[in-house]
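The block underneath contains the structure these notes are about, expressed in structure tokens.
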Amino acid sequence: MFGALLDSERGGRFALEPESVSQTVRRYLPGTNVLETTFTTAAGVVRVTDAMTLPTAGLSPYRELARKIEGLAGEVPVRWRVEPRFGYASGATQINHRAGIPTATAGRDAIAVCSFGAGEATMSDAAIAGHFMARAGNSSLLVLSAAHQEPLVLPARAEVEARLEATSSAWREWTDRRDYDGPWKDAVLRSAPALKLLVYAPSGAIAAAATTSLPEEIGADRNWDYRYSWPRDSAFTLDALLALGCAPEVRAFFFWLLHASQLTHPRLQVLYRLDGRAEADEKTLPLAGYRGSRPARVGNGAAGQTQLDVYGEVFAAAARFADFSGGLDRDHGYRLAEIADHVCRIWEEPDAGIWELRDEPRHFTQSKMMCAVALDRACELAERGLLPATHVERWQHEQNRIREFVETRCYSQAKASYVRSAGEEELDASLLLAVLADYDDPASPRLIGTVDAVRRELGRGPLVYRWGDEPGAFLTCSFWLADAYARQGRLEQAATLIDELVDLANDLGLYAEELQGETGEFLGNFPQGLTHLALINAAISYTRAQEPEQ
């Protein structure tokens, strides 16, 4: 509905702006996902509070954006404009009144725009708009209530203001329950509610990011839709959520993972829809793209790729969940055993790798390593009686074959490091995951050498690039390096790196997918859940590594 980020002409927007702004300061209210923006102008000061409100008892919208405007000093002219463009600007929008409230509809979608003390709303074929004077001591309210195949709720002002207060309180209570008091606490406790915002409440799935088609390189075509959930991230997710004491989120996410993967069993798909469905057909939108970066896309064609590393992540997640919950459901155990059998059949195939490259498949080292991790965790779970042990000997045999392949064909004596794929000498930052996934003892000579080689060849300052020739550094990889340092006992290097990386967040403590090293500009989709997961896990690894010394 609001796609101006991808096309400033055709995309919709909800604009709210004081006139002649000279300074803008933003923050989240402490412990919340409620945004506060203070505008200073020549005529005075205005504060805007934005929140996606949480439903309360009685009839309330399930999708509501509330924007409270308060005059703090002087008299400031403020204008606002709602230009909905349904269906990524492809739907025919009708704007009219319903019970005296301006509404916009298209097919099964509708929004109401309620204004209280924000001037008289005017309507045209394209927009609902208004303007007013924000005076010191007064407040105004703009409320967007949305509906999809359900009744459109027209809220009263008092109800919305009560929900605003309740929403702030609910966020503070949630954040106060997070179990972390180590270094970089502010960054960790900003990352946690950012991740919570990426949770799709009906299923428990966690979206990779909230956006689509924000480019990895301005003007290029690596513009992907990240509003899906990747099983590949499952072990990182459980690590972070368990460490922060997010038990309900852990259970919801793990059961979503098992539900979604059942649809393609025993094959694990690269990504699934947030409701658990498997289809993610990719199509191009008739939009100009962010700063001319075309095409803009919905759907993600990577869903059809083969990515072998996903199996290791899912088995690592299952082992962590079993530790947390005290076991696994019997049916889940049988299904995981069948997935382990599937790994034995497919590990020798080339794949697209963790970075989802759309070229010829290769024998990526990290993919093979994670297949070995999958079978190792399967054997461990079987020993605990949580998986049927019928094929344990085969799992162990194939794990040994995988490790022989990796150790003989994916290691460079010249570089004292594992390499990107079998038979080549280039490196890849995904090799850091061998440490994080416990492919081997983190302090083994080959993993020490690999971490040093990645830093040496792919690092520039605090940034780590996925491979040698990239326009932007993948921020997750930088936190992976810090995490690897911590797990290897190199705490001074880990702390120094995390200090530098924490300073690279934006003014709200959020990260995109990538960062352009020369300009400091964010690239890729935003906010990037994997980056925030990596930050949390690096901080936790550092804290745990210090514990024996305390």
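The values are calculated or read from the model by the stated rules, or taken from the named source; none is laboratory data. Everything numeric in this text was worked out from a predicted model, so none of it was measured. As a convention, Cβ positions derive from the backbone with ideal geometry for all residues, glycine included, and neighbour counts pool all protein chains shown.
If you filter the range 506-543 down to residues that are in contact with a helix residue (DSSP H, G or I) (Cβ under 7 Å, 6 or more places away or on another chain), of a type in the set (A, V, I, L, M) and not in a helix (DSSP H, G or I), you find that the one that is nearest to residue 182 (Cα to Cα) is 510. Here residue 216 clears all of (1) within 17 Å of residue 511 (Cβ to Cβ); (2) assigned to a helix (DSSP H, G or I) except the condition numbered (2).
Conditions tested, residue by residue: (1) without any contact (Cβ under 8 Å) to a residue 40 or more places away in the chain; (2) polar (S, T, N, Q).
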{"residue": "435", "(1), (2)": "no, no"}
{"residue": "448", "(1), (2)": "no, no"}
{"residue": "506", "(1), (2)": "yes, yes"}
{"residue": "514", "(1), (2)": "no, no"}
{"residue": "518", "(1), (2)": "yes, no"}
{"residue": "524", "(1), (2)": "no, no"}
{"residue": "539", "(1), (2)": "no, no"}
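Looking at 156, 210, 121, 147 in this structure, which one is small (Gly, Ala, Ser), surrounded by fewer than 17 Cβ atoms within 10 Å (Cβ to Cβ) and farther than 30 Å from residue 291 by Cβ?
Values: 210 fails: farther than 30 Å from residue 291 by Cβ; 121 fails: surrounded by fewer than 17 Cβ atoms within 10 Å (Cβ to Cβ); 147 fails: surrounded by fewer than 17 Cβ atoms within 10 Å (Cβ to Cβ).
Within the list 156, 210, 121, 147, the selection yields 156.
With respect to (1) within 22 Å of the chain's Cα centre (by Cα); (2) at pLDDT 95 or above, the lone exception for residue 467 is condition (2). The condition of being in contact with a strand residue (DSSP E or B) (Cβ under 9 Å, 6 or more places away or on another chain) and closer than 30 Å to residue 499 by Cβ holds for only one of 273, 190, 232, 227, that being 190.
Entry remark, the range 12-54: residues being surrounded by 15 or more Cβ atoms within 10 Å (Cβ to Cβ), of a type in the set (S, T, N, Q) and farther than 28 Å from residue 196 by Cα number 2 in total.
Residue 118: free of Cβ contacts under 8 Å to residues at least 60 places away in the same chain, under 23 Å from residue 165 (Cα atoms), more than 29 Å from the chain's Cα centre (by Cα) and in a loop (DSSP other than H, G, I, E, B), yes or no? Taking the combined requirement at face value, the residue satisfies it. For first residues located in the range 10-38 and assigned to a strand (DSSP E or B), partners that are surrounded by fewer than 13 Cβ atoms within 10 Å (Cβ to Cβ) and of a type in the set (D, E, K, R) and lie 6+ apart or on another chain with Cβ distances below 9 Å form the pairs 25/507; 26/507; 27/507.
Looking at the structure I just gave you, is residue 264 part of a strand (DSSP E or B), among the polar types (S, T, N, Q), surrounded by fewer than 22 Cβ atoms within 10 Å (Cβ to Cβ) and without any contact (Cβ under 8 Å) to a residue 24 or more places away in the chain? No. Only residues that are without any contact (Cβ under 8 Å) to a residue 12 or more places away in the chain and either crowded, with 24+ Cβ neighbours inside 10 Å or of a type outside the set (A, V, I, L, M) (or both) were counted across the range 354-377, and they come to 2.
Of the residues 387, 427, 432, which single one is surrounded by 16 or more Cβ atoms within 10 Å (Cβ to Cβ), assigned to a helix (DSSP H, G or I) and of a type in the set (A, V, I, L, M)?
Going through 387, 427, 432 in turn, just one is surrounded by 16 or more Cβ atoms within 10 Å (Cβ to Cβ), assigned to a helix (DSSP H, G or I) and of a type in the set (A, V, I, L, M): 432.
Only one of the numbered conditions (1) out of contact with any strand residue (DSSP E or B) (no Cβ under 7 Å at 6 or more places or on another chain); (2) surrounded by fewer than 17 Cβ atoms within 10 Å (Cβ to Cβ); (3) within 22 Å of residue 426 (Cα to Cα); (4) in contact (Cβ under 8 Å) with a residue 40 or more places away in the chain is violated by residue 491, and that is (3).
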